[in-house]
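Report on one structure; see the data block that follows.
The values are calculated or read from the model by the stated rules, or taken from the named source; none is laboratory data. As the structure is a prediction and not an experimental result, all values here were calculated from the model. For neighbour counting, all protein chains shown are included, and Cβ atoms are generated from backbone atoms with ideal geometry for every residue, glycine included. Just so you know, the surface numbers come from the protein's heavy atoms only, side chains and all, with ligands and any DNA or RNA stripped out. Shrake-Rupley method; radii C 1.70, N 1.55, O 1.52, S 1.80 Å.
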Amino acid sequence: GSVLAAKHGTGKFISQNEITLKYGTEWKHFKSLVKSPKGDNFFVFITYFELPAQYLLAQLTDYCDKYNLLYGEFSKVLMEAFSHNFDPIAFQLKRGRYFPTICADPYKYVMVRDDIKQWLI
């Protein structure tokens, strides 16, 4: 349960010394992480589909740092909204705004690429 690498916002990676000072040698939320990728103090980005949320959260951290705001509440609300709209089950339930909008008019948002289609076959 150790933190091997970390970033704060969109900036550089945090040094190993800073990681140890901030998180210790054993991350205190590790046991919760083993049970679920979502906790009160963390959210694990598991797929490439979640990359935009990662970057948005990093930008939010930069913004909060710049204006001396607390980002804990912002990040919690952001991740709840992200989960509501983009969880795989949201596609099946047609929940949120993302999947229902794309399903209603997929060719407005998806570019057909016959060359890639041929490559996959």
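Against the longest alpha carbon principal axis of the chain, how many degrees, from 0 to 90 and to the nearest 10, is the axis of helix 72-86 turned?
The two axes meet at around 20 degrees.
LEU21 accessible area, nearest 10 Å², 1.4 Å probe?
Per-residue accessible area (LEU21): approximately 150 Å².
In terms of solvent-accessible area of protein heavy atoms at a 1.4 angstrom probe, what is the ranking of ILE89, ILE102, highest value first?
Working: ILE89 75, ILE102 40 Å².
Putting ILE89, ILE102 in descending order of accessible area: ILE89, ILE102.
For the stretch 36-50, what does the Karplus curve 6.51 cos²θ - 1.76 cosθ + 1.60, with θ = phi - 60°, yield as ³J(HN,Hα) per residue in whole Hz, taken in order and with x for Gly and Pro?
These are the phi-based 3J(HN,Hα) values: 7, x, 10, x, 5, 10, 7, 9, 9, 8, 9, 10, 5, 4, 8 Hz.
Using a 1.4 Å probe on the protein heavy atoms only, what accessible surface does GLU26 show? Give it in Å² to the nearest 10.
110
Compute the signed sum of charges (Lys and Arg +1, Asp and Glu -1) over the other residues within less than 11 Å, Cβ to Cβ, of LYS76.
Details: positive: LYS38; negative: ASP40, GLU73, GLU80.
So the surrounding residues net to -2.
Before anything else, pin down the relative contact order of the chain: Cα pairs under 8 Å, at least 6 apart, normalised by residue count, whole percent. It would help to have the intermediate numbers written out before the result.
Values: 75 pairs, mean separation 19.5, N = 121.
Across the chain, relative contact order equals 16 percent.
Under 14 Å from the Cβ of VAL34, count the other residues' Cβ atoms, weight Lys and Arg +1, Asp and Glu -1, and hand me the total. Mind dumping the intermediate values first?
Values: positive: LYS28, LYS31, LYS35, LYS38; negative: GLU26.
Counting the neighbours of VAL34, the net charge comes to +3.
With a/c under 1.5 counting as rounded, go ahead and sort the stretch 29-81 into rounded, prolate or oblate using the C-alpha gyration tensor (a ≥ b ≥ c being the square roots of the eigenvalues; past the cut-off, prolate if a/b is larger than b/c, else oblate). Could you put the intermediate results ahead of the total?
On the way: a/c = 2.46, a/b = 1.48, b/c = 1.66.
Oblate is the answer for the stretch 29-81, as a/c is 1.5 or above yet b/c matches or exceeds a/b.
For a label point 7 angstrom out from the Cα of ASP105 toward its Cβ, which stretches of the stretch 43-86 have the backbone nitrogen within less than 15 Å?
none
In square angstrom, rounded to the nearest 10, how much accessible surface does THR47 have for a 1.4 Å probe?
70
Over the Cα atoms of the chain, each weighted equally, I'd like the Debye log10 I(q)/I(0) at q = 0.09, 0.19 Å⁻¹, rounded to two decimals.
-0.38, -1.17
Nearest 20 debye, what's the magnitude of the dipole of the stretch 1-48 about its Cα centre given +1 on Lys and Arg Cβ and -1 on Asp and Glu Cβ?
Numbers: 7 positive and 3 negative charges, 17 e Å.
Value, rounded to 20: 80 debye.
Any lysines with Cα under 29 Å of the LYS31 Cα? List them, leaving off those in the same chain fewer than 8 positions away.
Partners within reach: LYS7, LYS12, LYS22, LYS76.
For TRP27, TRP119, write out the residues from largest to smallest accessible area, computed with a 1.4 angstrom probe and no ligands counted. Provide the component values of the computation, followed by the final result.
Values: TRP27 50, TRP119 195 Å².
Per-residue accessible area, sorted high to low, gives TRP119, TRP27.
Order LEU33, LEU70 by their accessible area, 1.4 angstrom probe, all chains in place, largest first. Don't skip to the end; give the middle numbers.
Values: LEU33 55, LEU70 155 Å².
Correct descending sequence by accessible area is LEU70, LEU33.
Given +1 on the Cβ of Lys and Arg, -1 on the Cβ of Asp and Glu, and no further charges, what dipole in debye does the stretch 1-119 carry about its Cα centre, rounded to the nearest 20? Working shown, then result.
Values: 15 positive and 12 negative charges, 35 e Å.
Dipole size: approximately 160 debye.
Measuring from centroid to centroid over Cα atoms, what is the spacing of the stretch 85-121 and the stretch 1-77 in Å?
29
What does the net charge come to around LYS94 if you take all other residues with beta carbon closer than 15 Å to its beta carbon, with K and R at +1 and D and E at -1? Walk me through the numbers before you get to the answer.
Numbers: positive: ARG95, ARG97; negative: ASP87, ASP105.
In short, 0.
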